[in-house]
Each structure stands twice: as structure tokens, then as C-alpha cells.
Amino acid sequence: MNKLGKHSTFNIQRSTPNGGVRSFLRRLMLNVECSMFLLVLIFLFPHSSPAQTNEQRTLVLVIGAAGEPEYGEQFSTWADLWKQAAAKGGLQISVIGEDTNNPENDFTRLLNVLTNEAAKPAGELWLVFIGHGTYDGRSAKFNLRGPDISASELAAVLKPCQRPLAVIDCTSASGPFINALSGPNRVVITATRSGDEVNATRFGGYLAKAIADPAADLDKDGQTSLLEAFLLASRETQQFYKEAGRLATEHALLDDNGDGLSTPADWFSGVRAVKTAANGKSVDGVRAQQLMLVRGEVEQEFSPEVRAQRDELEKKLSELRAHKEGMPEDQYYRQLEDIMVDIARLYQNK
């Protein structure tokens, strides 16, 4: 079952004070209904000073069994793009699937790495699967060299993880991984919308290129978020099938609010979904817009604590917007102003 949603976000990009104002106002014009808040924010946030952080983030890159040599070359190319982007973003990198000694032990290697990473208390954990997947009607699996790992086995080893987590499964038959892995403070992306889409996928290649591509920066804040990379990769995947005159056999999905539902890229306009969630459900997209493999200059200045406060305020803003139609106008704008001022003060004092 898919869910539609819309959201707003405010990551202010400032290489210089004036440049930051201009960048912030561009984002504000896209997301705020009332121009009075422009004046509030212009006066509040120009006085911030840089803060340094040594937050450790990790990329675990899992390269599966190729099956055919052509896929092996393809997967290696995709993996290299992730490594380059992660190195640029300052992440620690662990790779499963390249060790030539005992390749059949990749399952054990992966469990050991994830057990250690899940036990760490803080810092983003990015988990990327490149390869093939299978689905037998009950269980979805990622094809490792040697024994495969199922969605339920992956969910079990990640259950203790309290870190911000992004799981990106670029394989065929990956859709069921959303149901297994969805949870609070997690972003789960799959290349397919179900386990029945079993053909080899192209989404992973486009995503690997987009994750650090400035061209994917839709809101022009100087950094490419996971949401923006997902949107560009999805669009390019569908364009491939259209130009080839072929029926699309993959439809990527994103879930980032812990409800196990998901949103396809074609329901977004820019970084905002154009429809609201059914039955009052919260929306997807907010958390994915807050994660960047390669952070911009201002994003790097935030401490983990301040970033967490900013992220929570953006979530409140998104939820407020989702309920706007059922609220009295004065109440809506009063709450909007409160959140906007809190965000501005956060940037002022970071």
C-alpha cells in the first residue's frame, strides 16, 4: 500500500552571511505561505557563529553476487561512486563483497559488521545493497556470495540500532524490505514496489550518480539530500524505460516515517509531495530530506544535538502543514510563526 504526503524543510545554506540569507529566502519562498515571516527570519539569524563537530558517520556497502560478468562490472562501478561520495562526506566505509578470500562467508561478515555498527550509540549509519534480489512469495532476500540474507534477518540484526539509519536496497524484488525495516528515525528506499518485480534493476546506478550530484539539489541549498537523490534517480530510471519503449519493471519507493507505508517519486513536485496522506497519516519525505551523504558548509557546522532539534522542528512544521485545511486560519499562522521563529533562533545560536 502506498501513501502520499507533502512536507517542508529548512536547511539554511550560508557560505557568507548575505549568501545564507539569499539561500534561506529561496527555500522559504518555496515553503511558507505568509511573507511576514521573511522579516522575522532576516533579523533573527545573521548572528550565528560556526560550531565544530567530530560526529562519526558510517557507510556499510554490500556488493552481492553478480551472477554474470557484466553485472559484476556494473556493480563495481556503482560501488565506486558510493565510495567516492562517502569519502568526500567524511564517512567511515566498510565494504562487504570484495574480499576474495572465502567469498562464501559474506553472510557472516555482514552480520558481524552490522552487529558492531548497531551497538554504537550515535552517528548516521548508511547501509547500501547493490546486486540482485529474490522473492518466493513469502521471503525477500538479497543475494550474497554464499548464503543470502533475508529481510527478516536484516531486520533482526538492526533491531538494536538507535542511530539515524538509511537502508537503500537497489535490487530486484526489494519492495518487502520496507515492511521489514521501517521504523522511527529510519529511511528505507527500495528499487521496486513489490517482491514481484524480479528483473534486474537500473535504479541503483542512477542513485549512485545522484547521491553527490549538485544537479540533484532541487532546493538549491548547496547539498544533495537523500530525498533529492531518490527523486532524480527515480525520474532517470523511468526515463530510461520510456526512451527504450519498454514497460517499466521497477518502481522505486521511499519510507521514512516508520509506518511501513511508502511514497513513489512521481507524487512529488520538487521536494514536496503534492498530495496529503490518507486518514490523517504523517507523510514521507521529511526525514530523507534531512540526510545528506555529503553535507554542505552550514550543515557541517551543526552539532548533532542542534541538528536533532532542527530536524524535530522541521517535522513539526510538516505536520502542521498537513493539517492546515482543518484549522482556523489565525491558529495555523500563529503556530507557523512559533515554529519559524524557533528555527531562526536555532540557526542564530548554533
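Table for the structure above
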{"read-out": "Selection status of residue 294, outside the structural domain of residue 132 (by TED's automatic domain parsing), under 24 Å from residue 85 (Cα atoms) and in contact with a helix residue (DSSP H, G or I) (Cβ under 9 Å, 6 or more places away or on another chain)", "value": "yes"}
{"read-out": "Within region 152-204, considering residues that are among the charged types (D, E, K, R) and in contact (Cβ under 8 Å) with a residue 60 or more places away in the chain, the one surrounded by the fewest Cβ atoms within 10 Å (Cβ to Cβ)", "value": "196"}
{"read-out": "Residue within region 265-272 that is touching a strand residue (DSSP E or B) at 6+ places or on another chain (Cβ under 7 Å), closer than 25 Å to residue 180 by Cα and assigned by TED's automatic domain parsing to the domain that holds residue 223 present", "value": "yes"}
{"read-out": "Set 153, 117, 104: member being outside any loop (DSSP other than H, G, I, E, B), under 26 Å from residue 301 (Cα atoms) and of a type in the set (Asp, Glu)", "value": "117"}
{"read-out": "Those residues of region 35-83 which are of a type in the set (A, V, I, L, M), assigned to a loop (DSSP other than H, G, I, E, B) and modelled with pLDDT of 50 or more, in sequence order", "value": "65, 66"}
{"read-out": "Some residue of region 315-326 being at pLDDT below 90, over 23 Å from residue 221 (Cα atoms), assigned to a loop (DSSP other than H, G, I, E, B) and of a type in the set (Lys, Arg)", "value": "no"}
{"read-out": "Scan of region 75-94 for residues that are surrounded by fewer than 19 Cβ atoms within 10 Å (Cβ to Cβ) and out of contact with any helix residue (DSSP H, G or I) (no Cβ under 7 Å at 6 or more places or on another chain), ordered by number", "value": "76, 77, 80, 83, 84, 87, 88, 90, 92"}
{"read-out": "The one condition in (1) crowded, with 23+ Cβ neighbours inside 10 Å; (2) assigned to a helix (DSSP H, G or I) that residue 224 fails to fulfil", "value": "(2)"}
{"read-out": "Yes/no for residue 202 being charged (D, E, K, R) and farther than 20 Å from residue 79 by Cβ", "value": "no"}
{"read-out": "Per-region count, region 205-221, residues touching a residue at least 40 places away in the same chain (Cβ under 8 Å) and either among the basic types (Lys, Arg) or not in a helix (DSSP H, G or I) (or both)", "value": "7"}
{"read-out": "Matching residues, region 192-240, being of a type in the set (Lys, Arg) and closer than 30 Å to residue 138 by Cβ", "value": "193, 202"}
{"read-out": "Residue ID - surrounded by the fewest Cβ atoms within 10 Å (Cβ to Cβ), chosen from residues in region 95-122 that are within 21 Å of the chain's Cα centre (by Cα) and modelled with pLDDT under 95", "value": "121"}
{"read-out": "Hits in region 191-202 - residues which are under 17 Å from residue 236 (Cβ atoms), in contact with an Asp or Glu (Cβ under 6 Å, 6 or more places away or on another chain) and not β-branched (Val, Ile, Thr)", "value": "191"}
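The values are calculated or read from the model by the stated rules, or taken from the named source; none is laboratory data. In this text the structure is predicted, and so the values were computed from the model without any measurement. Please note: Cβ atoms are built from the backbone with ideal geometry, for glycine as well, and neighbour counts cover all protein chains shown.
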